[in-house]
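Everything below concerns the one structure shown next.
The values are calculated or read from the model by the stated rules, or taken from the named source; none is laboratory data. Because the structure is predicted, anything quoted here is derived from the model rather than measured. In this analysis, Cβ positions are derived from the backbone assuming ideal geometry, glycine residues included, and neighbour counts consider all displayed protein chains.
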Amino acid sequence: MGIQGYALAIDRRRGILAMRCTNSRAVTLQRRAKRRDVLFLIAGVATWTTKSFAQKPSVPVIGYLCPESPELFATRLQAFKQGLGEVGFVEGRNVKLDYRWARGEYSRLPELAAELVARNVDIIVAPGGAPVALAAKAASSTKTIVFEMGGDPVQLRVVDSLSRPGGNITGVSSLSVDVSPKRLELMCDLVPTATKLMVVANPTSPTVQSQLQKLHAAAGTLGVRLDILHASKEDEFETVFDTVARDRASGLVFTSDPYFAFRSSQLAHLATKYRVPAITQTRDFPVAGGLMSYGGDFMQSHRRAGLYAGRVLLGEKPSDLPVQLVTKVELVINLKAAKLLGQAFSSAFVAGADEVIE
């Protein structure tokens, strides 16, 4: 082979080697590209999965603002959950309740309401009276609020009107405050010879003045004199009953007030101890051994508050939901307590009672 042949052979060999190197490099690049594609695919799936979970609707949260303790509020809370369940919401399944308990310290309600607003709950439920509703309303003008109370929400300026509450708030009222004069009348029916009765009022209540005005007007019609006693703390209750017993008043009438209502057991005990005929707003009093009660059906008002809370969670606006009125009132009497006090109910009185405890 000549020099030219060798040169040609070498060029061919170089070409083959160059081609092999090129092919090898191409294969390597192709493998790297496939690897990158796989990594990008995995990263894309991870990103999509994360976004899909982030976009998944979260469980709604109800901020539950309560003036008392879980123990004292147990029956009311049960009624609220019943109403909530009727709309399809069950705590722990598809709704969460974030509780704030004032435990009888009503001055803490504004602070606790502000906490719920800061936690950005979906709605605030404010059951248990005017102080709770007013605290919730003051805490936010945008957060949806569903209240439950016994007073007139229009008179208290909680809502603009019953049919069109307006703004961010609606709820339920049992109007227990309006029947305070009826309690006075019932006590006069029980003790027809009564010339003087005593009334217990909570001076811190937002409805106290309107109740006392109505009670004085009713007393004038009934021909009895009223003495007003004040109590806003548990340690003042015994002084109240001691005063009634020493003064030998014919009976004791409690104004409508949540603080009194949730201390029915203590009040019933003191009424028995001092042998004082007394009437309060809630059935808890005669159930605990007190003489009688007359007021709104709190189980229905709390149940309806649960219904409204559920409807708001489903998308209805509070401004479109008129304030509901629980117009049913109930008279509950305790015959055993009457016997201990030496105050027998007439047959007509018993016949007119919604429930008789024997």
Looking only at segment 79-118, and only at residues there that are exposed (fewer than 14 other Cβ atoms within 10 Å of the Cβ) and not charged (D, E, K, R), the one that is nearest to LYS233 (Cα to Cα): SER107
Any chance GLY166 is assigned to a loop (DSSP other than H, G, I, E, B), closer than 30 Å to VAL199 by Cα and not assigned by TED's automatic domain parsing to the domain that holds ARG263: no
Qualifying position, being touching a helix residue (DSSP H, G or I) at 6+ places or on another chain (Cβ under 6 Å), closer than 30 Å to ARG108 by Cβ, outside the structural domain of GLY151 (by TED's automatic domain parsing) and surrounded by 16 or more Cβ atoms within 10 Å (Cβ to Cβ), among LEU184, LEU252: LEU252
Residues that are part of a loop (DSSP other than H, G, I, E, B) and crowded, with 22+ Cβ neighbours inside 10 Å, drawn from segment 56-71: PRO67, GLU68
Search result, residues across segment 204-238 that are surrounded by 13 or more Cβ atoms within 10 Å (Cβ to Cβ), of a type outside the set (Phe, Trp, Tyr) and part of a helix (DSSP H, G or I): VAL208, SER210, GLN211, LEU212, LYS214, LEU215, HIS216, ALA218, ALA219, LEU222, GLU236, GLU238
Given (1) farther than 23 Å from TRP101 by Cβ; (2) more than 16 Å from the chain's Cα centre (by Cα), index of the condition THR170 fails: (2)
Unmet requirement for HIS302, which otherwise passes all of (1) modelled with pLDDT of 95 or more; (2) out of contact with any Lys or Arg (no Cβ under 6 Å at 6 or more places or on another chain): (2)
Boolean, LEU197 is buried (at least 18 other Cβ atoms within 10 Å of the Cβ) and either under 13 Å from the mean Cα position of the chain (by Cα) or outside any strand (DSSP E or B) (or both): no
From the options LEU313, LEU307, LEU270, LEU229, residue that is over 25 Å from ALA353 (Cα atoms), modelled with pLDDT of 95 or more, of a type in the set (A, V, I, L, M, F, W, C) and out of contact with any strand residue (DSSP E or B) (no Cβ under 8 Å at 6 or more places or on another chain): LEU307
Filter result for VAL332 (touching a Lys or Arg at 6+ places or on another chain (Cβ under 6 Å), aliphatic (A, V, I, L, M) and either under 27 Å from ALA79 (Cβ atoms) or modelled with pLDDT of 95 or more (or both)): yes
Long-range neighbours under 9 Å by Cβ, at least six apart or interchain, first residue in a helix (DSSP H, G or I) within segment 115-126, second of a type in the set (A, V, I, L, M) and surrounded by fewer than 16 Cβ atoms within 10 Å (Cβ to Cβ): none
Whichever residue in segment 83-103 is in a loop (DSSP other than H, G, I, E, B) and either within 14 Å of LEU65 (Cβ to Cβ) or of a type in the set (Phe, Trp, Tyr) (or both) and, among such residues, is nearest to the chain's Cα centre (by Cα): ALA102
Near pairs, Cβ below 8 angstrom, 6+ apart or cross-chain, from segment 86-112 (without any contact (Cβ under 8 Å) to a residue 40 or more places away in the chain and within 14 Å of VAL125 (Cα to Cα)) to any residue that is of a type in the set (Ser, Thr, Tyr) and part of a strand (DSSP E or B): LEU97/TYR64; ASP98/TYR64; TYR99/TYR64; ARG100/TYR64
Members of segment 169-194 that are of a type outside the set (A, V, I, L, M, F, W, C), assigned to a strand (DSSP E or B) and closer than 21 Å to GLY295 by Cβ: GLY171, SER173
